[in-house]
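Written below as structure tokens is the structure these notes are about.
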Amino acid sequence: MANETRRRTGSNSSPLTNQNHNSQESLVRGSAWITAGSIFSRILGAVYIMLWLPMIGNAETGNLANSLFGKGYNIYSVFLLISTAGIPGAIAKQVAHYNTLNEYRVGQRLFKTGVKLMAILGVISAAVMYFAAPLYAQSAPEIPVYRSLSAAILIIPFLSIIRGYFQGFNQMAPSAVSQFVEQLARIIYLLGATFVIMEIQHGHYTEAVVQSTFAAFIGAIFGILTLGWFYWRQRHDFQTLIANSNDDIKVSTRDLIMDIVQQSIPFIILGSGIAIFQLIDQYTFNQFMRHFVIASSRQLDIFFAIFNFNANKLVMIVISFASAMSVASIPLLSAAHARDDRKDMSRQIANILQLFLIIMLPASFGVAAVAGPLYTLFYGYDLLGIHVLQVNAFTAILMGLFTVLAAILQGLYQNRAAMFYLIIGTAVKIVLQYPAIAIFKVYGPLISTALGMLVTSALMIESLYQVYHFKLEQTARRMLAILIFSLIMFVVTIGVVHLFGLFLPETRKIYAAFILFVAVIIGGGVYAFLILRTRLADRILGTKIGGLRRRLHIQ
């Protein structure tokens, strides 16, 4: 009788379904897990540079290696999106939808069908990436780099879909931990292989780059093993949920495939938004720059490395905040959509945007403030690199905003509108690319990216407001407060950097690390005090943050 009641109501005592119905707290908790995994993996992905570049060679060789590395990963990102076909995101969204209806068996079948599709797409995409490399490579050294990354394309789709399945249950910890383990394994192999090639065999830097990109395959293996361990621990919970599924919805395998394909196409297009912008830069930057500066191909590659790889590597740590919220928000919004709870949908939109702003704005302003010591610590002192990083830090706000807004629209099944707005923004980027490079030179691609993302984001916000009438005025007021606090933090932080720069040479990495540490502590402390003292953190992050404020004796 108890089981029958459970079947009708959809309730279950399993830890997998003991989710807090407060969407704000669920979003914060899910974002916290994904943010932690994403941030730590991004930090690892940036920190290894400090060990990798000295083995590669001098600053010029390092930038050339970074340029080759960055070009490889730009192409890899596109092939990865094609090979996964947006299916992991679609799986997370649809599994959350069926779980809300207590149709766990349908969700499981959806996952198994997705795995089969992943296997087919992975093999095809890896084969195309390997054999067609000479067609899309701009130079001979790029070909082995692209081919080394094709190995990862075989298995990363499988890794991604398992993550999507867990996220459909609003289980963000497995994704976060596996992401960290994947990155750690990748970096260990990358550094070990580079040491052998450069220090023992005294090989060429291109050989080290090839092995460094192949490390993505090694990392993916360890990521899959980690997720397998999580699934094994919770297998009984999954089995219990499936056994107590309502089983009222009957869906054929053909319909499941169509469901996946329908939902996955927007994930491909929207998920590749930033990658598309970077590919536009990759295939136009050198050609356009030759019209306005006198520089060799080698020098242009160095310029490309500075804005597309060096600065971007550090800025992606900040953008990972937005990516984390995107991953956490889609299942929650999809569940609210399944319940047809428009009030909850409206509330969640405001919550997501405000959570994004309270984290992203100070993070971006902070990176801009400490750009000098931060860039020096990772790549060595370079005035152009520092200035590019500052501009890129502010561009990251718009890139992150696009990521979050696209996720919101996807979670609410507004896929067509989201894709249309991205197409408009991409058109803006393409049209402005040449004049932006003509006027701003190396900074041009960042300016055109910012304007393209701004147009897309503005259209998305207007669309969400027209349909769901979320609290736009409240969000705008809180954004203004966050902006003011971020500016105060920025001024204090940049003041600390300049003060220490008066008697410590910023060109030395050891001093840059010290200045960076002190500036981040002081700047972060100022911002934290302001949002806690004004209770802004309580209103956006939830009432539990009040406990932290009281422990810090901030009234």
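The values are calculated or read from the model by the stated rules, or taken from the named source; none is laboratory data. Note that the coordinates shown come from a computational prediction; the quantities given were computed from them, not determined experimentally. Positions of Cβ are backbone-derived with ideal geometry, glycine not excepted, and every protein chain shown enters the neighbour counts. Ligands, DNA and RNA are excluded from the accessible area calculation, which covers all protein heavy atoms including side chains. Shrake-Rupley method; radii C 1.70, N 1.55, O 1.52, S 1.80 Å.
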Item checked: Surface accessible to a 1.4 Å probe, Glu473 within the full protein complex, Å² -> 140 Å²
Check: Tell me, what HN-Hα J-couplings in whole Hz come from the Karplus equation 6.51 cos²θ - 1.76 cosθ + 1.60 at θ = phi - 60° for each residue of the stretch 390-395, using x for Gly and Pro?
Finding: 4, 5, 5, 4, 7, 4
Notebook entry, point to check: Given a 1.4 Å probe and every protein chain left where it sits, what share in percent of the accessible area of the stretch 446-555 is carbon and sulfur?
Noted result: 71 percent
Next item on the list: Read phi for every residue in the stretch 454-470 and hand back ³J(HN,Hα) as whole Hz from Karplus 6.51 cos²θ - 1.76 cosθ + 1.60, θ = phi - 60°, with x for Gly and Pro.
Entry: 5, 4, 4, 5, 4, 5, 5, 5, 4, 5, 5, 5, 5, 8, 10, 6, 6
Checklist line | Accessible surface, 1.4 Å probe, highest first, among residues Leu451, Leu480 | finding: Leu480, Leu451
Notebook entry, point to check: Taking only C-alpha pairs under 8 Å that are 6+ residues apart, what is the relative contact order of the stretch 428-534 in percent?
Noted result: 20 percent
Notebook entry, point to check: lysines near Lys71 by alpha-carbon distance under 16 Å, same-chain residues fewer than 8 away left out - which ones?
Noted result: Lys313
Margin query: For the full complex of protein chains and a 1.4 angstrom probe, list Phe529, Phe517 by accessible area with the highest value first.
Written below: Phe517, Phe529
Item checked: the stretch 430-555 - accessible surface per residue (Å², probe 1.4 Å) -> 55 Å²
Next item on the list: Can you list which of the chymotrypsin sites (Phe, Trp or Tyr not before Pro) found in the stretch 279-316 are DSSP loop residues with at most 16 other C-beta atoms within 10 Å?
Entry: Phe292
Checklist line | Karplus-derived 3J(HN,Hα), 6.51/-1.76/1.60, for each residue of the stretch 487-496, Hz, glycine and proline x | finding: 5, 4, 4, 4, 4, 4, 5, 5, x, 4
Margin query: How high is the relative contact order of the stretch 339-472? Use alpha-carbon pairs under 8 Å, at least six apart in sequence, and give a whole percent.
Written below: 29 percent
Notebook entry, point to check: How would you order 294-302, 508-516, 172-180 from highest to lowest mean count of nearby Cβ atoms within 10 Å?
Noted result: 172-180, 508-516, 294-302
Next item on the list: Could you pull the accessible area for Thr61 with a 1.4 Å probe, rounded to 10 Å²?
Entry: 30 Å²
Notebook entry, point to check: How would Asp538, Asp341 rank on accessible area, largest to smallest, probe 1.4 Å?
Noted result: Asp341, Asp538
